[in-house]
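A quick write-up on the structure given underneath.
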Amino acid sequence: MRGFFLVLKAEIVRSWIITRRYWFRTLTGIIVGYGMLMALIIGFMSRGGMDAVAPADAPPTTVVTEQAAPPPGVPGGLVSDPTKATRYVLGFIIGLFAFGIVGLFTQGLQGMAQMGVLEQLCLSPHGLVTNFLARSVVGGVNTIFSSGIMLWLITWTLRGTLYWDWVAAPVLLALTFINLLGFGFMVGGLVLVFKQTGQLAIIVRLVLFGLALFAEEGLLHGHWLMTAFLHMLPVTDAAICLKYVFIQGQGVATGGPVTSVFAFEAPYCFYFLILNCVVWTGLGIVCFKVMENHSRHKGTLGAY
Amino acid sequence: MSAQPLVELDHVAKTFYTRHFLHLDEETRRRRLYARRTVHAARDISFTIQPGEVFGLLGPNGAGKTTAVKMISGLVRPDGGAVYVDGLDVERRRRQVLRQIGVVLEGTRTSIWPLTPLENLAYYGNLKDVRGAELKDRSHRLLDFIGLRDKKNVQVRRLSRGEKQKLAICIALIADPRIILLDEPTTGLDVQSSRAIKDRILEMTRELGKCVLVTTHDMAVAQELCDRIGIINKGELVTCRPTAELLDLFSEQIFAFKLDRAPAAAEFQDMPGVIAVEAENGEEGPALALTVVREAAGRSEALYEVIARLRRGGYQLRSINQRQQTLENVFLQLTTDLRESPAPSGRETK
Ligand SMILES: Nc1ncnc2c1ncn2[C@@H]1O[C@H](COP(=O)(O)OP(=O)(O)OP(=O)(O)O)[C@@H](O)[C@H]1O
Ligand SMILES: [Mg+2]
């Protein structure tokens, strides 16, 4: 544990220096991302092909709102339905987040192996898992911050509404992140040994991305096999919960006897999220360790 | 040398498999759906490195030197045998082992390019539990010594190849390890820097009792630096002896007869006691280079015989030199034909 914090400190310093040194790149990244997302959303919405998505807006429970929601169809707004647009933006950003985190474990890991940084990490007495955990925690927190800024900017432009619940939002974000880490560790383990899977992983990442974008409860009422599969993937439940909290402002149950911590329309998604977290993290780390050992055997930790 | 060895390889073996799909078989010219190729990177390799010793590992490309280094540092797991570092089994006690070794692997991308050398050392120092004032102090001293004094605050991506190599060496030394593994450390370095590194290696071993393993293709470096040398060829340890003994084994057997005209090698075939004959016509004029057996009577016989033949052939003999044996020659002999011709071949002599 102490080792983890030492490594974490080193990682934070490293990433802080790089962000500071390349602040211009970070900034342009956010601006370009902002522009692209805006273009996509406006394109999406103006084609009007997404009617099936937004469920009837439930009146938000009492939560902190950042901005009063304008009544739908206010003239002068960029899109006719800001709530729906915001929903998409959120989906996009969760998707990008999942894409990025899993990418850290696939293409990122592959690149590190090629460059020899991976071997350096293996030479640290704290072990590869600890090092990689620290690395991805720092990377993940970075991504959360920059995509948070982007999300806020876009919502603001679209005159949409974002809700922030001081309990629900951080808890859900953390769970989502841990979930993705666990999944990433599993995929990463495979990439360590079978370098070719790195290409396949792009498909997995795209699936996760699409799922985050379109996830909603309605998806879960199809064939039971499909439903089970969707629950298994690490982003479905997370995206659904996040959308409830951020877009519809449902969060911690307030008033009355607390029966469930979260007062979603679909609390089972939250339970599935927790289950996913436990399973993926456990499985992921075990898989990564086993694969790391196998990788030593095959000598694939380096550029080979 | 009775102390416990710092590094010990005990009958280590390693075979790599590479898979090929739709593989074209060279012999049958037929394409197979799936083929597995085996590469023996280590076959029954045993050697030890004592405290205060510089051990050189030589061998042609693909011989298995880097694999040996990686096995000692726990990056590659041997299939058979065991590797001990300071008495600890590398497989079982990797963490403790890693605290004691510093490794420079080939390639220059081990450092983090957007950071400066100082920041790199801080980062890697932290990964190895070096902190605070000690880290700072050591970083500055290492960079000064290796000649990166005025590049301390330049991003690594702006450094030259040799400067990156120097930084890699500093990174390996940041935790002040007792065991230092250097895989081709002097490639790309200028004369001053490789001099500095060689001096440093000697200082660390002679005065501080550390042990160093170097692999190199530079025979001069090996000859000058190493106390003992192991030569690997195709995963097999061909020889492993003290440098002086290795040179001695192969010395006193090449004689160069300088002549007035180029000799016809055919006239000097099948003489008793002669291992190899070579007609030379280089810058130093025409000559006949003769490799003779080490055994005294045979050698005497061979020398008389060649002189007789030279006289018969009407050559004018200008001079006879006994060639100084170089490690390069020894290396070439040992790795081109896999025989260790003179003396019984021991895996290791201490
Ligand atoms: N992970 C691996 N998988 C398959 N084969 C490998 C692997 N690593 C090394 N090899 C093979 O093992 C052999 C020994 O490689 P190694 O890198 O140890 O050679 P080397 O002595 O360091 O050569 P060089 O002088 O070129 O650095 C080579 O034939 C190489 O192709
Ligand atoms: Mg090598």
Probe 1.4 Å, protein heavy atoms only: B and A together bury a total accessible area in Å², to the nearest 100, of 3200
Segment A:196-246: spread of alpha-carbon positions along the three principal axes, whole Å, largest first, is 37, 27, 13
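From largest accessible area down, sort A:TRP280, A:TRP23, A:TRP152; use a 1.4 Å probe on the protein chains.
Largest accessible area first, the residues go A:TRP23, A:TRP152, A:TRP280.
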Restricted to pairs 8 or more residues apart or on different chains, the lysines in chain B with C-alpha atoms under 17 Å apart form a number of pairs equal to 14
Taking the alpha-carbon centre of each part, the distance from segment A:134-153 to segment A:179-234 in Å is 20
Computed over segment B:7-248, the distribution of all Cα-Cα distances in 5 Å bins, rounded to whole %, is 1, 6, 13, 16, 17, 15, 12, 8, 5, 3, 2, 1, 0, 0
In Å², rounded to a whole number, the accessible area per residue of segment A:90-298 with probe 1.4 Å is 38
Per residue of A:119-131, other chain Cβ atoms within 10 Å number on average 6
Taking the dipole of segment B:252-322 about the Cα centre (Lys, Arg +1; Asp, Glu -1; charges at Cβ), the one of B:TYR304, B:ALA289, B:ALA279 that reaches farthest to the positive side is B:TYR304
With the charge dipole of chain B built from beta-carbon charges (+1 for Lys and Arg, -1 for Asp and Glu) about the Cα centre, the Cα from B:GLY147, B:LEU327, B:ALA196 projecting farthest to the positive end belongs to B:GLY147
Residue-ordered couplings for segment B:295-300, obtained by feeding phi - 60° into the Karplus form 6.51 cos²θ - 1.76 cosθ + 1.60 and rounding to whole Hz (Gly and Pro as x), are 5, 4, 5, x, 5, 4
The relative contact order of chain B, taking Cα pairs under 8 Å that sit 6 or more residues apart, comes to a percentage of 18
quick note, the protein assembly as shown, DSSP beta bridge pairs, % antiparallel (nearest 5) is 75
For B:VAL238, the residues 5 or more places away or on another chain with a placed amide H closer than 5 Å to its own amide H are B:ILE231, B:ILE232, B:ASN233
proj_area_mean for the protein assembly as shown (convex hull on C-alpha atoms), units nm², value 39.9
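Of all DSSP beta bridges located in segment B:7-248, what percent are antiparallel, nearest 5?
Working: 27 of 45 bridges.
Here the antiparallel bridges make up roughly 60 percent for segment B:7-248.
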Note, segment B:80-86: 3J(HN,Hα) by Karplus (6.51, -1.76, 1.60, θ = phi - 60°), whole Hz, Gly/Pro = x, goes x, x, 9, 10, 10, 10, 6
Calc'd 3J(HN,Hα), segment A:153-160, phi into Karplus 6.51 cos²θ - 1.76 cosθ + 1.60 (θ = phi - 60°), Hz, glycine/Pro = x, comes to 4, 5, 4, 4, 5, 7, 6, x
Counting only protein heavy atoms and leaving out ligands, DNA and RNA, the solvent-accessible surface of A:MET226 at a 1.4 Å probe, in Å² to the nearest 10, equals 100
Rounded to the nearest 500, the 222 nm mean residue ellipticity computed for chain B from DSSP H runs (n ≥ 4, each -39500 (n - 2.57)) alone is -9500 deg cm²/dmol
Taking only the alpha-carbon positions of segment B:252-322 as identical scatterers, the Debye log10 I(q)/I(0) at q = 0.27 Å⁻¹ comes out as -1.35
Residues whose modelled amide H sits under 5 Å from the amide H of B:ALA42, counting only those 5 or more places away in sequence or on another chain, are B:LYS14
Inter-part gap, Cα centre of segment B:238-268 to Cα centre of segment B:1-75, in whole angstrom, is 31
Between B:ASN153 and B:ALA279, Cβ-based FRET efficiency (R0 45 Å, step 0.05) works out to 0.15
Inter-chain shielding metric for B:99-106, i.e. average beta-carbon neighbours from other chains within 10 angstrom, reads 2
Rounded to two decimals, the Rg over Rh value of segment A:81-233 from Cα coordinates and the Kirkwood Rh reads 1.02
Within the set B:GLN155, B:GLN165, B:GLN316, GNM on chain B using Cα springs under 10 Å gives the largest fluctuation to B:GLN316
About its Cα centre, the protein assembly as shown carries a charge dipole, from +1 on Lys and Arg Cβ atoms and -1 on Asp and Glu Cβ atoms, whose size in debye to the nearest 20 is 720
With a Förster distance of 25 angstrom and the Cβ-Cβ distance between B:GLU203 and B:ASP137, calculated FRET efficiency to the nearest 0.05 equals 0.85
Longest principal axis of chain B (C-alpha) makes with the long axis of helix B:191-206 (C-alpha) an angle, in degrees to the nearest 10, of 80
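The values are calculated or read from the model by the stated rules, or taken from the named source; none is laboratory data. Small disclaimer: the values here were computed from a predicted structure and weren't measured. Note: ideal-geometry Cβ built from the backbone for every residue, glycine included; neighbour counts use all protein chains shown. These accessible areas exclude ligands, DNA and RNA; they are computed on the full protein's heavy atoms, side chains included. Shrake-Rupley method; radii C 1.70, N 1.55, O 1.52, S 1.80 Å.
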